[in-house]
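Below: one structure, written as structure tokens.
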Amino acid sequence: MTRVAGFRQVRVPCCGKVYVRPNYRSMNFMADENWTDGWREASLMPNDTGLRRCQCGQFLLMRETESLGMAEHTEGLPPLPLPQPHELGQCTASNPAPAIEIAARTELWWHHNHPYRQSYRAHRAAEEQATRQAWEAAHPDQRTWWDKLQGKPAPQYQRPRNAPFTIPPFEPTKEQLHNMQRLCALLEQEGAEFPDYQAITLSELYRQQSLWAQAQASLDKVSPQERQHQPFGLIQQMLHEKTAAPIRYQA
């Protein structure tokens, strides 16, 4: 369970303004949906890169703030604002530091993929409904009144192993492609604090551009320990099938 124990006051380096942020006692990263691009839908923890925009207009990362200590209440101080989607382009156009640009372009990547997620959900729901209806038609409830009286259960739906699993086509726009290309270049240039995360992210970015060789080369850099977890196996499968779309999975 995610638990908040008070608040931490932080000062921003741009103008010195003081804000507050939650102080997490425990963290739970469960979510309703997990996606291969790193997005978590309805996550129990904030799903962002740490990018913020001060009220003075400057973009910064949460790790750049100075901690001023704990407080039981917000003390009337505001939280450090998250940039809105329309502000992310302003950030990337402002010639920011590489770390800030990576954060902004990562959040742009997720934002660009959100319309496809909606199409994906609707497509999968319709196909699953059709599969269930076909199963129910092939397994009608043929219990007699005597069977029901004796408590014989009705046929229980089980998804057939050979049931279809398809997804809608994924066609990134020129804007999406430009953002992914620039994000790849930045990630390739910058040293990785978390190399496994960087390798998986790069592989997914290249895969969504249908750059299969580059995607596989990045995935090959993932450590043996991390290969035991999703989304490594799913990305590898999608590479084998030459599927470019972001994929939903269970963690």
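Annotations for the structure displayed:
- Neighbour cut-off at most 11 other Cβ (10 Å), DSSP loop, GluC sites (Glu not before Pro), the stretch 2-100: Glu72, Glu75
- For Glu41 and Trp146, the FRET efficiency from 1/(1 + (r/R0)^6), where r spans their Cβ atoms and R0 equals 51 Å, is about 0.60.
- Each label point was placed 7 Å from the Cα along the Cα-to-Cβ direction; for Asp196 and Tyr157 their separation is 3.7 nm.
- Distance histogram in 10 Å bins (all Cα pairs of the stretch 8-53, percent per bin): 21, 41, 27, 12
- Which of Arg207, Arg25 is most accessible, then next, and so on - probe 1.4 Å: Arg25, Arg207
- The helix-based estimate of mean residue ellipticity at 222 nm for the chain, built from -39,500 (n - 2.57) per DSSP H run of four or more residues and divided by its residue count, is -13000 deg cm²/dmol to the nearest 500.
- Accessible surface computed residue by residue for the stretch 56-202, with neighbouring protein chains in place and a 1.4 Å probe, gives 64 Å² per residue.
- The chain - percent of accessible surface contributed by carbon and sulfur, probe 1.4 Å: 52
- Computing FRET efficiency as 1/(1 + (r/R0)^6) for Thr243 and Gln129, where r is the C-beta to C-beta distance and R0 is 35 Å, gives about 0.95.
- Reported label for calculated Cα Rg over 2.2 N^0.38 Å given (i) 1.11; (ii) 1.29; (iii) 1.06: (ii)
The values are calculated or read from the model by the stated rules, or taken from the named source; none is laboratory data. As the structure is a computational prediction, the values presented were derived from the model and not from experiment. Using ideal geometry, Cβ is built from the backbone for each residue, glycine included, and neighbour counts are taken over all protein chains shown. Surface accessibility is based on the protein's heavy atoms, side chains included, excluding ligands, DNA and RNA. Shrake-Rupley method; radii C 1.70, N 1.55, O 1.52, S 1.80 Å.
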